[in-house]
Structure formats: structure tokens, C-alpha cells
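The values are calculated or read from the model by the stated rules, or taken from the named source; none is laboratory data. Because the structure is a prediction, the values reported are computed rather than measured. Reconstructed Cβ throughout: ideal geometry from the backbone, glycine too, with neighbour counts over all protein chains shown.
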Amino acid sequence: MKHGFGLLALACATFGAALADATVLDPEPVNDAAITGTAFPKALSEFAFFQDGRAQGPSGRVHPYALNTPLWSDGAEKLRFIYLPAGSRLTADGEGLLQFPVGAAIIKIFAFGEGADRRLIETRVLLHRADGWVALPYRWNAEQTEATLALTGGRIDIVTPAGEAISYAIPNKNQCKTCHSIDNKVVPIGPKARNLAAAWLGQMVKAGVLDRVPEGAGTLPVWAARKPSDAAEPLARAYLDVNCAHCHQPGGGASNSGLDLRWEQRDPHAFGIGKRPVAAGRGAGEYEFSIVAGHPDQSILLYRMASAAPGIAMPELGKASVDKDGVAVVRRWIAEMPR
Amino acid sequence: MKRIAYAAALLSTAAAAPLAADTHRIEPGEGAATRLQEALILAQPGDVIELGEGRFTLTDGLSLDVDGVTVRGQGMDKSILDFTGQQGAGEGLLVTSDKVTLRDFAVENPKGDGIKSKGADMIVYSGIRVEWTGGPKPTNGAYGIYPVESVGVLVTNSKVSGASDAGIYVGQSSDITVSENIVTFNVAGIEIENSRRALVTNNIASRNTGGLLVFDLPGLPVMNGGTVILRENVVSDNDTPNFAPPGNIVASVRRGTGVLVMANDGVLIEDNAFDNNPTAHVMVIAYVQPFDDPRYNPYARNVIVGPNAFGRGGDDPQLDGKEALLEAFGGALPPVLWDGIVEDDNGLRIAEGVTGWTLNLTKPGQSMAEARPGPLELTPLESWEFPEVGAPAALEARLK
């Protein structure tokens, strides 16, 4: 939990100076019409989520947040924000997804590199319009002065924090939906109460922008604070929930696989133990089951996590390299299962 | 001009086409991948995305999520989506919207599946070619044409070759027609899985490991497959050694299988031409693996083998005890192989003149070591009733 705040503080530090300025100067308000209209704004700056594009000082009612266990995207540094229009607030729905008013937006910035080499690569926005959520990707220019709509996504050569040179894929608009979709409707994924620090939720209540701190808040482990002595199961299940379950659940993009990797799924067969693949193709490798208890090296799930080859690698989108930390935790979880 | 023409058509025929319908033509060449994906994203219902002639080089999978769009090329050998250099996504083209028509283009060498349509009702695939051009290899993608979780599916006049699972795979769907396709050098030519009311007719399935498969598997969101007709297909020379990755259910298909029915409720096999399938022209079996799913019925029920033309076959079976079996049956096994497992009095039925052999097993999952092979001794049916099935007529009508 403490670490969650550490991350948040870190996120705040990156725009600290600008934040101070913003409180002094009369800030430009967020462009509500750009969020609720029917068009796809061509430039990220049209939304005015930030007072200074480069420094990412948030505008009024733009709230930074962090997740206990975040989605891994080739090691990208991510900054997350929620915008709530004036007079509106979030409502809690148990440990699940916070409910957003129409006119709200969720903003996620992806960056690579440190210090002077740090580059914003893309910013993804989810806009809650009257007829549902819309997901749009924006790509930052080389000068880092503006991000423009990248409906068709794109590729960019980067070096990951692990030192691997990869072709990083910015998703196209449809690919945004591939992950952000339940029963063919676009939905947010990240801001579930269980994956948000209870203290942050408390702050939001205090600020009058959330109705209450629900039971089950902050129950997912804080990934960045994990220690080798921590139990593997909650870490692994949280990792799979956050990285895989948006598709691998009923109504999700991979529903036809029958594999359900949600945190709340308690049926071992449903989350992979002794479960045969359905449409895995060569993704199954030499193996017969998603998870073989006690045998990580015979488990398709781990085989696919540990691969970066298209057609084998999971997740299919948003991954060009292997998350060695994620693989290590899931490996330990499977290895520790009674055979 | 196009819009004016459209309006005129509307006035003259009062057709219910959306006013905004338009044709967007995409030529191959510089930036084609981006132009094509952009057109697919910005299309309005009723629009046509027309692919020019030539080769489109793609590094990422394409996707379509707008209802009622037609993607149409100049022909399956003329407009080619080339995924040889694919770097991401699980398939070449993903369709997640309804009433889509895909016709007259090719998908080559996708890293995963060829074209997948998921939750995409009333879809038509016509004149599509999906091919892994290096021949059958386990590193090829799994499915060529892959509609799943859909109601109303027509796959016709298409060709698939090289799939490391099934060339044409229809899963967890209903009201399906798969007709006039040519499937070669796949592990399974055509597979109907956990689906209902499917008509598989007038196809040529040749040089696969197994020609036509009808499966029902446990543990899936949609189960209880059945009411499937296999009629007037040519199922010949399915003799390619199984090259599926081992974990997949089709990895268990024996080289040389014409038709394989596993589990399912109601399958009619009639008026097909079988030739030179060296293990068995027709194989009917219960689900063979252990399962823990109370919703699942592992038996093959109400399977009818009607009149078919059975040529040479069963003469080089990929079966344990092959030599003894061949000797016992005089050099070639009879056309129908049944495991003998019945749930009730509703197992395999045959028409007059159909011959076969049975393993005389009694329980699903029973060891082959307990088989007591013998000739098939069933009283032939004099007649039978089977519902007519297939895709809604509106899908066929869309191609006219």
C-alpha cells in the first residue's frame, strides 16, 4: 500500500513544478465538448487535460492515480489520470470498476527513457460519451510538443528499460477496443477499487468526487513492492487479472477459449489448471494444458507469456518483449502448486 | 457521382440501403496498410472497402468493427494481403461486427489465424483464399477461416491451405453453411466444433490429415453441438501426416481420416464421395479425454451414415495393431470405423449397404487396449428424418 503512494508521488513529481504554477495561474479548463462530442479530436491538446503538454501538469479536476498492480507494456512508464466534469463524481461498485459519469475521461501516458532521454510515446484516452465509451490513441511528435490522433496506430523503434531494442506498437482504435471490450461494448479496465489504494480512494471521497470507499478496496497486492518472500498466488493472480483477464473472461475478446483469468474466478479449471487449449494453435507449443500444477515448464500459459513471437506470444497486443518479472512470479506460483 | 448513382438506385428500387453507403478503394503500395486500416475504422454501415489488384504488405493484423461493411478484392489471386512480415496481433483480419461480407481476396502467411470473426452474426466469406505458402508446417497459423460465437455463417467458394489446425473452422456458432470450398494440406480440412445446424456441402477436402471434422468439446462457453449435415462432398487422399502442435485436439487426428465425428448430437453423412483415405473414410467416436463439466455429453448420438460412394481406403491405417487388423479384414478396413460406445439406444445408424467395423468399447475414455475389434453389425435404416439446416437464405442472396 505504502508503495502505491510512492508511485503516485513519483508521478506527481514529474509534473510538480507545473502543478504549482497551475494553482497560481488561471488554468485553462478542460474542453468538455471535445470529450462529449461525436468527433475524434485530431490533437490531444484540444482536450486541455494538461496545462503544459510536455510537463503534463494536469488541469483542474484531472486527478492522477496509480494502480497496485499495473498492466505491463514493454516496460513503459505510465502516468494515469481521471478527469471528472464539474459537479460530477465517481460511484463505487464494490471492489469492481468505479462507475464514471458521462463526460468523464481516463488518460494514460506512455513514456520510455530516463532524464534527458525520457520521451513521451503515446497517450491513450477513454472518453465517456452519452452513447458509451470511446477509446482513442494519440502519438507524440519528435519535438514532444503535441500528440496527434493515431487512429491506425503505428510502430516506433524503442529500447525498453530492460535494454531490448523493439518495434513498439501503438494500438489502432479497433485494437484499443479489442482489450477494452465486454460484450462488444467499450469499457475501462484499470480503475477497479480492488486495484486502487484505499487511501487514494479516501482522498477522492474527501475531495467530493467519489461517493465512498467500498469494501474490498486496495486488495490487489502492490506489484512494485513485492518481495521474494511474498506468497506467489496473490501476486500471480493479480498479474493475470490485470494483464490477461480483460480478454480472458466471459464476454471478453478471448471468451471462446473458456479460460477465465479474473481475480475473482475460484474454479481452478476455469483459470487453467488441467484445462486443454481450444484454439491456441501453435501457441500451445508442445503442451496439453494451460496450467499443469507443479510443472511451469509444461504449462501453455507460461509458455505463451515467455514468448515474444507473434502467433505464440500472449498478450497478443501491447507486447513486443517478455516481462521477465511477470514470468518469474507466475512460474513460482505454478511450481509451488501441489502436483 | 457514386452517391448520386446510389440515390437514383434508391429512388428506383426503394431499397433499404443506407444513404451514406460509399465505396472506398484502396490500392496496394506505399502506406497501404495504414490506408486500409483507416478505411476499415472509418467505414460507415453499408460501405464497401474495395481492395485494388496487387500485394498489400502488412506488419500488423487488420480489424473491422463496423456493421454491414463489405470488404471486396479483385479476386483471390489478385488482391493479396501478405502477412509474411507480421509483427503483431493474433490473426490477419479480425471482424467483430455483424452483417459483414468478405469476398474475393487472399490472406497469405499470417502468424496466427487467417481471418477470425468473433461474435459477428450474419457473416459471408466468399471467394477468399487463406494460404501458408510454405506448405504444411507446425509453425503455420492455426485456423484459416475462423468464424466463432456467431449466428448465421456462410463460407463459400474459398480455398484454405496449410493451416496447422483447421482450414475452415466454425466454432460455437449456429445456422452455418460451408459450401463449395477447397481445403488442402491442413491438419483438418473443415471443422465444425460446438456448433448447431451446420450444412457442409459440395466441398473438396483433399490431402489434409483429416478431411471433415465434427467435434463437440467440454469446458467451452457454448456446447451441445449437433444437427450437422455432411452432404455431397469429395473427401479424398487425406494422407498428410499430422503436423499440429501436440496440445491441440486435432493433434490426435489419425493421418488418413475422411470424416471424424466426435461426440455431438445428430450428424448425417450422405452422398459424399470418399476415396483413398488410408485410415478410415468415416470415424465415429465418443470424446476420448477425461473431463469435469456437468453440462457436457461425451457420446456421439444419432449419427447416420447414409449412402455414400466409398472408394479404396482403410488400407494403410495409422492405428495400433495395423498389420493384424489389415489381415483380419482382408487387406483393407471397411469404410466406417466406430468405437461402439453408446449412451443409450441412439448411437450410430447406417443405411443399407454401408459396411464398417467397431472397436466394441463401452465407455467414453476407455483404453484402446480393451478394444475387441469386429465387423459392424447394425440393422440398416430403411429411412430417416433429419432437419434441413444451414445459413439463412439472406446470406446467399447477398452474393447475387
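Going by the structure shown, is B:Val183 surrounded by fewer than 21 Cβ atoms within 10 Å (Cβ to Cβ) and either on the phi < 0 side of the Ramachandran plot or in a strand (DSSP E or B) (or both)?
Taking the combined requirement at face value, the residue does not satisfy it.
Within segment A:149-166, track down each residue that is small (Gly, Ala, Ser) and within 12 Å of chain B (Cβ to nearest Cβ).
A:Ala150, A:Gly153, A:Gly154
Taking into account only those residues within segment A:282-293 that are within 27 Å of the chain's Cα centre (by Cα) and within 20 Å of B:Ile168 (Cα to Cα), which is farthest from the other protein chains (Cβ to nearest Cβ)?
Per the stated criteria, the residue is A:Gly283.
Residue-wise test of (1) buried (at least 17 other Cβ atoms within 10 Å of the Cβ); (2) among the polar types (S, T, N, Q); (3) on the phi > 0 side of the Ramachandran plot; (4) within 15 Å of the chain's Cα centre (by Cα).
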{"residue": "A:Leu196", "(1), (2), (3), (4)": "yes, no, no, yes"}
{"residue": "A:Val205", "(1), (2), (3), (4)": "no, no, no, no"}
{"residue": "A:Gly218", "(1), (2), (3), (4)": "yes, no, yes, no"}
{"residue": "A:Ala231", "(1), (2), (3), (4)": "no, no, no, no"}
{"residue": "A:Cys247", "(1), (2), (3), (4)": "yes, no, no, yes"}
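State which residue is nearest to the other protein chains (Cβ to nearest Cβ) when the search covers only segment A:239-260 and only residues that are in contact with a Lys or Arg (Cβ under 8 Å, 6 or more places away or on another chain) and among the aliphatic types (A, V, I, L, M).
A:Leu259
Would segment A:317-330 turn up any residue that is modelled with pLDDT under 90, touching a Gly at 6+ places or on another chain (Cβ under 7 Å), crowded, with 19+ Cβ neighbours inside 10 Å and of a type in the set (Gly, Ala, Ser)?
Checked segment A:317-330: no residue is modelled with pLDDT under 90, touching a Gly at 6+ places or on another chain (Cβ under 7 Å), crowded, with 19+ Cβ neighbours inside 10 Å and of a type in the set (Gly, Ala, Ser).
Yes or no, residue by residue, for (1) within 8 Å of chain B (Cβ to nearest Cβ); (2) surrounded by 22 or more Cβ atoms within 10 Å (Cβ to Cβ):
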| position | (1), (2) |
| --- | --- |
| A:Gln265 | no, no |
| A:His269 | yes, no |
| A:Ile273 | no, no |
| A:Ala279 | yes, yes |
| A:His295 | no, no |
| A:Arg304 | no, yes |
| A:Pro310 | yes, yes |
| A:Ala313 | no, yes |
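Table: residues versus (1) within 14 Å of another protein chain (Cβ to nearest Cβ); (2) among the acidic types (Asp, Glu); (3) in contact with a Leu (Cβ under 6 Å, 6 or more places away or on another chain); (4) free of Cβ contacts under 8 Å to residues at least 12 places away in the same chain.
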| site | (1), (2), (3), (4) |
| --- | --- |
| A:Ser88 | no, no, no, no |
| A:Thr91 | no, no, no, no |
| A:Pro101 | no, no, no, no |
| A:Phe110 | no, no, no, no |
| A:Glu114 | no, yes, no, yes |
| A:Trp133 | yes, no, yes, no |
| A:Trp140 | no, no, yes, no |
| A:Ala147 | no, no, yes, no |
| A:Pro188 | no, no, yes, no |
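Limited to segment B:25-40, what total is found for residues that are touching a residue at least 24 places away in the same chain (Cβ under 8 Å) and part of a helix (DSSP H, G or I)?
5
Can you tell me which residues in segment A:204-255 are small (Gly, Ala, Ser) and touching a Phe, Trp or Tyr at 6+ places or on another chain (Cβ under 6 Å)?
A:Ala232, A:Ala236
On the given criteria, is A:Asp325 away from chain B (no Cβ under 14 Å) and either of a type in the set (Ser, Thr, Tyr) or assigned to a helix (DSSP H, G or I) (or both)?
When the stated conditions are applied, A:Asp325 passes them.
Would you point out which residue out of A:Pro70, A:Pro85, A:Pro29 is out of contact with any strand residue (DSSP E or B) (no Cβ under 7 Å at 6 or more places or on another chain) and modelled with pLDDT of 95 or more?
Matching residue, one of A:Pro70, A:Pro85, A:Pro29: A:Pro85.
With respect to A:Thr152, is the statement that it is surrounded by 18 or more Cβ atoms within 10 Å (Cβ to Cβ) and more than 16 Å from the chain's Cα centre (by Cα) true?
yes
Read through the list (1) within 14 Å of chain A (Cβ to nearest Cβ); (2) in contact with a Ser or Thr (Cβ under 7 Å, 6 or more places away or on another chain), then give the number of the only condition that B:Gly114 fails.
So B:Gly114 meets the others, but not (2).
Which residues, counting only those in segment A:268-313, are among the β-branched types (Val, Ile, Thr), in contact with a strand residue (DSSP E or B) (Cβ under 9 Å, 6 or more places away or on another chain) and assigned to a loop (DSSP other than H, G, I, E, B)?
A:Val278, A:Val292
Which one is nearest to the other protein chains (Cβ to nearest Cβ), of the residues in segment B:49-72 that are part of a strand (DSSP E or B) and of a type in the set (Ser, Thr, Tyr)?
If we take residues in segment B:49-72 being part of a strand (DSSP E or B) and of a type in the set (Ser, Thr, Tyr), then B:Ser63 is nearest to the other protein chains (Cβ to nearest Cβ).
Taking segment A:109-147 as the search range and keeping residues that are among the charged types (D, E, K, R) and in a strand (DSSP E or B), which one is farthest from A:Gly190 (Cα to Cα)?
Across segment A:109-147, the extreme among qualifying residues is A:Arg119.
Of the residues that sit in segment B:192-222 and are farther than 16 Å from B:Val288 by Cβ and of a type in the set (D, E, K, R), which one is farthest from the other protein chains (Cβ to nearest Cβ)?
If we take residues in segment B:192-222 being farther than 16 Å from B:Val288 by Cβ and of a type in the set (D, E, K, R), then B:Arg207 is farthest from the other protein chains (Cβ to nearest Cβ).
Does A:Ala236 satisfy the condition of being crowded, with 17+ Cβ neighbours inside 10 Å, within 14 Å of chain B (Cβ to nearest Cβ), closer than 28 Å to A:Ile166 by Cβ and among the small types (Gly, Ala, Ser)?
no
Taking only segment A:152-166 into account, find how many residues are farther than 24 Å from B:Leu42 by Cβ, in a strand (DSSP E or B) and without any contact (Cβ under 8 Å) to a residue 24 or more places away in the chain.
Counting residues in segment A:152-166 that are farther than 24 Å from B:Leu42 by Cβ, in a strand (DSSP E or B) and without any contact (Cβ under 8 Å) to a residue 24 or more places away in the chain gives 2.
Kindly provide the set of residues from segment A:167-185 that are part of a loop (DSSP other than H, G, I, E, B) and either touching a Cys at 6+ places or on another chain (Cβ under 7 Å) or at the interface with another protein chain (Cβ under 10 Å from one of its Cβ atoms) (or both), ordered by number.
Those that are part of a loop (DSSP other than H, G, I, E, B) and either touching a Cys at 6+ places or on another chain (Cβ under 7 Å) or at the interface with another protein chain (Cβ under 10 Å from one of its Cβ atoms) (or both): A:Pro171, A:Asn172, A:Asp183, A:Asn184.
Would you confirm whether any residue within segment B:233-242 is at pLDDT 95 or above and within 30 Å of A:His269 (Cβ to Cβ)?
The answer is yes, given that some residue of segment B:233-242 is at pLDDT 95 or above and within 30 Å of A:His269 (Cβ to Cβ).
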